[in-house]
Number of protein chains: 2
Amino acid sequence: MVVEKKRSPVGAAVLRDDITVAIRGAVVAELAEVGYGRLSIEAVARRAGVSKAAVYRRWRSKLDLVLDLVSATAGRNLPLLDTGSLLGDLELLLQVMARALQHRMALQIIPDLLAEAARTPQIAEKLHQTLEDYQRTIGLVVIGRAVERGELSAATDQRLAVDLIVGPIYWRLAITRTPLGTAEVRRAAEMIVAALQVAGAGPDAPEAEV
Amino acid sequence: MVVEKKRSPVGAAVLRDDITVAIRGAVVAELAEVGYGRLSIEAVARRAGVSKAAVYRRWRSKLDLVLDLVSATAGRNLPLLDTGSLLGDLELLLQVMARALQHRMALQIIPDLLAEAARTPQIAEKLHQTLEDYQRTIGLVVIGRAVERGELSAATDQRLAVDLIVGPIYWRLAITRTPLGTAEVRRAAEMIVAALQVAGAGPDAPEAEV
DNA sequence: TAACGACGGTACGGTTGCGTCGCGACGCGT
DNA sequence: ACGCGTCGCGACGCAACCGTACCGTCGTTA
């Protein structure tokens, strides 16, 4: 018993998927090429081979466009396989991250949006939430699993731990843009394990801001 | 960088320093507010209370303007005091970095320029060179000193070591923008020391790219 | 005191993007 | 066969910047 009001759902004149897809692709390309700051609807439409009106029919502004894109992309989570040891899990995670961060598009767009987040609250919120999810996943799965195995103290500061894991590889690949070999990833994993093992002290007294 | 021609040094009509300073300040402010992508000479001149012509008399383009600014700012090096131990040096370094990265301007401008570097070779080169100097300094002074003390193996991979030191704090403050307490900095320093100590293995066989 | 050159101000024509509108055409359900 | 809403296309007025040019003014130095 479908009670929907077919009152005025349209017939054959519906937003065409192929055009929507083309626009999304064009946004990604433009974002990589000129950045969010210089992104223009005109250029997006031009690149997608589409009229401006077609874009405005779907999204009200370039902010909407980008937020939507981030939402769609952010959904893809890393499969965190259980290798049986903290070192193994960590090395795998770093390898996956390294692979993702070597992609040209990612390397252009991610830092750009992160920088833009500093002045556009909506972007900041969306990215922050995505990052938070990502980091919590790492914390719970990788660290949590290691705690269950007895490899790490239960008092491990997850936030700090995640910083230690994610920070170096992001810095290396996205900031300094220096190539990273597999052997180096392995050694980095070993070093991080050592770091995590001395973190058992856990958070103590209330802290002063720096 | 204001060029001075000595041959026929002009009379009283010389580029005024106060105006140069005003423009520089305006560039920083604009850079923080709208980013490099949206930076316009018009806005800079407006903000500095100066005519566009005054800007063009000193710099040919906004790229020149920014490159000059980066050169001027990058000169300021961190004073790396010798505290007598790797842990002490590291904690001090992290505290100084944390302080620098908490400044609002830095937090807006640095990620923005780093992102822009991905598409503007001149900016990339200048920043890369600055970063390289900075990292080499950390490597030589902090790590080198610890090696002399016998705290670290001489085979320590300096590049990886620096990634481990700088990455986490940059990630935490500039990317996730989460506050960082002094006690956390201390614990992070301890963790990093542990990581560096297991890095003695040094670089081994030739590596495949990820 | 005369010359020089940067000063602020102002204006120029040209380019780019904005967001909206109307046109005729198209194709698909009713 | 009809009507719907999308399609591409083109045009609109408006705004921001671009880079350059020309003013009359001003302070210094030769």
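The values are calculated or read from the model by the stated rules, or taken from the named source; none is laboratory data. No experiment lies behind these values; they were computed from the predicted model shown. Here the Cβ positions follow ideal geometry from the backbone for every residue, glycine too, while neighbour counts run over all protein chains shown.
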Residues (part of a helix (DSSP H, G or I) and within 8 Å of chain A (Cβ to nearest Cβ)) located in region B:140-162: B:Arg159, B:Leu160
Lone qualifier among B:Leu127, B:Leu140 - being surrounded by 20 or more Cβ atoms within 10 Å (Cβ to Cβ) and hydrophobic (A, V, I, L, M, F, W, C): B:Leu127
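Quick check on this structure: which one of A:Gln95, A:Gln135 is over 22 Å from B:Thr178 (Cβ atoms), surrounded by 16 or more Cβ atoms within 10 Å (Cβ to Cβ), in contact with a helix residue (DSSP H, G or I) (Cβ under 8 Å, 6 or more places away or on another chain) and within 12 Å of another protein chain (Cβ to nearest Cβ)?
On the way: A:Gln135 fails: over 22 Å from B:Thr178 (Cβ atoms).
Being over 22 Å from B:Thr178 (Cβ atoms), surrounded by 16 or more Cβ atoms within 10 Å (Cβ to Cβ), in contact with a helix residue (DSSP H, G or I) (Cβ under 8 Å, 6 or more places away or on another chain) and within 12 Å of another protein chain (Cβ to nearest Cβ) holds for just one of A:Gln95, A:Gln135, which is A:Gln95.
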Qualifying position, being part of a helix (DSSP H, G or I), aliphatic (A, V, I, L, M) and touching a Pro at 6+ places or on another chain (Cβ under 8 Å), among A:Ile169, A:Ile165, A:Ile192: A:Ile192
Within region A:181-201, considering residues that are β-branched (Val, Ile, Thr) and within 7 Å of chain B (Cβ to nearest Cβ), the one surrounded by the most Cβ atoms within 10 Å (Cβ to Cβ): A:Ile192
Single residue of B:Ala118, B:Ala54, B:Ala72 found to be among the aliphatic types (A, V, I, L, M) and within 14 Å of the chain's Cα centre (by Cα): B:Ala72
Flag if B:Ala100 is in a helix (DSSP H, G or I), within 11 Å of another protein chain (Cβ to nearest Cβ) and modelled with pLDDT under 95: yes
Residue in region B:20-36 that is nearest to DNA strand C (Cβ to nearest atom), counting only those that are buried (at least 19 other Cβ atoms within 10 Å of the Cβ) and not acidic (Asp, Glu): B:Ile23
